[in-house]
Amino acid sequence: PGAPLPPLEACGLLPSAAQLEAFASSCAPGPFSVLLRKFFSAVRTDGGLYFVCAPDDMYRAARLIDDVPLSVDERLGFCAAPVDTSEPAVAASFVRYAKAHAAANSSGGTVRVGVRATKRVPATDREILTLETA
């Protein structure tokens with residue numbers, strides 16, 4: 001179908017929840033965002049083919065939901081999501097969703113998302129932002 005993909009030159013790695021939990025057991029208790037920073041500061045790779053992914057967006061996302069009662073696995077999933085935390089409305093929607101997810105977990109319910117379906121694909125950044133913050 002398409003052109004062949006070029007060979008990978010490097011691969012980014014993220015820790016698993018189990019690795020973060022094991023690392024956390026050797027650290028003083030604290031917010032998940034601090035744990036992430038400590039982990040990424042301590043971890044090393046052999047260099048060359050692999051590098052550790054530690055984007056600032058992941059730290060910002062972690063700080064936004066530090067007070068939300070989530071498991072390490074859930075936090076990691078939320079923090080790895082492609083969310084523009086620099087956009088206040090998107091960040092607020094992210095926190096609302098994380099809180100709704102936590103509340104649904106504690107009550108055994110499901111998360112209801114009030115996103116309105118549109119009849120056409122968003123064509124502008126503004127239209128996408130409107131959907132992201134619904």
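Sum -39500 (n - 2.57) across every DSSP H segment of at least 4 residues in the chain, then divide by the residue count to get the 222 nm mean residue ellipticity, nearest 500. Mind showing how you got there, number by number?
Working: 6 runs with 65 residues, N = 134.
Value at 222 nm, helices only: -14500 deg cm²/dmol.
Which of the three applies to region 68-125, rounded, prolate or oblate, going by the alpha-carbon gyration tensor with a ≥ b ≥ c and a/c under 1.5 meaning rounded?
Oblate is the answer for region 68-125, as a/c is 1.5 or above yet b/c matches or exceeds a/b.
In region 1-54, which chymotrypsin sites (Phe, Trp or Tyr not before Pro) fall in coil by DSSP and have 15 or fewer other Cβ atoms within 10 Å?
Answer in residue order: no site qualifies.
Expressed in nm to one decimal, what extension gain is obtained for the pair F40 and V121 from 0.36 nm per residue of sequence separation less their Cα-Cα distance?
On the way: separation 81, 0.36 × 81 = 29.16 nm, distance 3.80 nm.
Full extension from F40 to V121 adds 25.4 nm.
Can you list the trypsin sites (Lys or Arg not before Pro) in region 17-51 that are in a DSSP coil and have 14 or fewer other beta carbons within 10 angstrom? It would help to have the intermediate numbers written out before the result.
On the way: sites: R37, K38, R44; in loops: R44.
Taking region 17-51 and a limit of 14 other Cβ atoms within 10 Å, the loop trypsin sites (Lys or Arg not before Pro) found are R44.
Treating the chain as a set of equal point scatterers at the Cα positions, no solvent, please give the Debye-formula log₁₀ I(q)/I(0) at q = 0.10, 0.12, 0.16, 0.19 Å⁻¹.
Log10 I(q)/I(0), no solvent term: -0.45, -0.62, -0.96, -1.12.
Given H placed on each backbone N at 1.01 Å, which residues far from V52 in sequence or on other chains put an amide H within less than 5 Å of it?
Placed amide hydrogens put L13 under 5 Å from V52.
Residue by residue, what Karplus-based ³J(HN,Hα) values in Hz, rounded to whole numbers, does region 40-48 have, using 6.51, -1.76 and 1.60 with θ = phi - 60° and x for Gly and Pro?
Listing the rounded values in order: 5, 6, 8, 7, 9, 10, 6, x, x Hz.
Leaving out ligands, DNA and RNA, what percent of the accessible area of region 4-134 is carbon and sulfur, probe 1.4 Å?
After summing per-atom areas, the C and S share lands at 58 percent.
How many Å² of accessible area per residue for the chain, probe 1.4 Å?
Here the per-residue accessible area is 68 Å².
Can you report the principal axis dimensions of region 1-67 using only the alpha carbons, biggest first, rounded to whole angstrom?
Each principal axis gives a Cα extent; for region 1-67 these are 50, 27, 19 Å.
The values are calculated or read from the model by the stated rules, or taken from the named source; none is laboratory data. Remember, predicted model here, so these are calculated numbers, not experimental data. With ideal geometry, Cβ positions are generated from the backbone for all residues, glycine too; neighbour counts draw on all protein chains shown. These area figures cover heavy atoms from the full protein model, side chains too; ligands, DNA and RNA do not enter into them. Shrake-Rupley method; radii C 1.70, N 1.55, O 1.52, S 1.80 Å.
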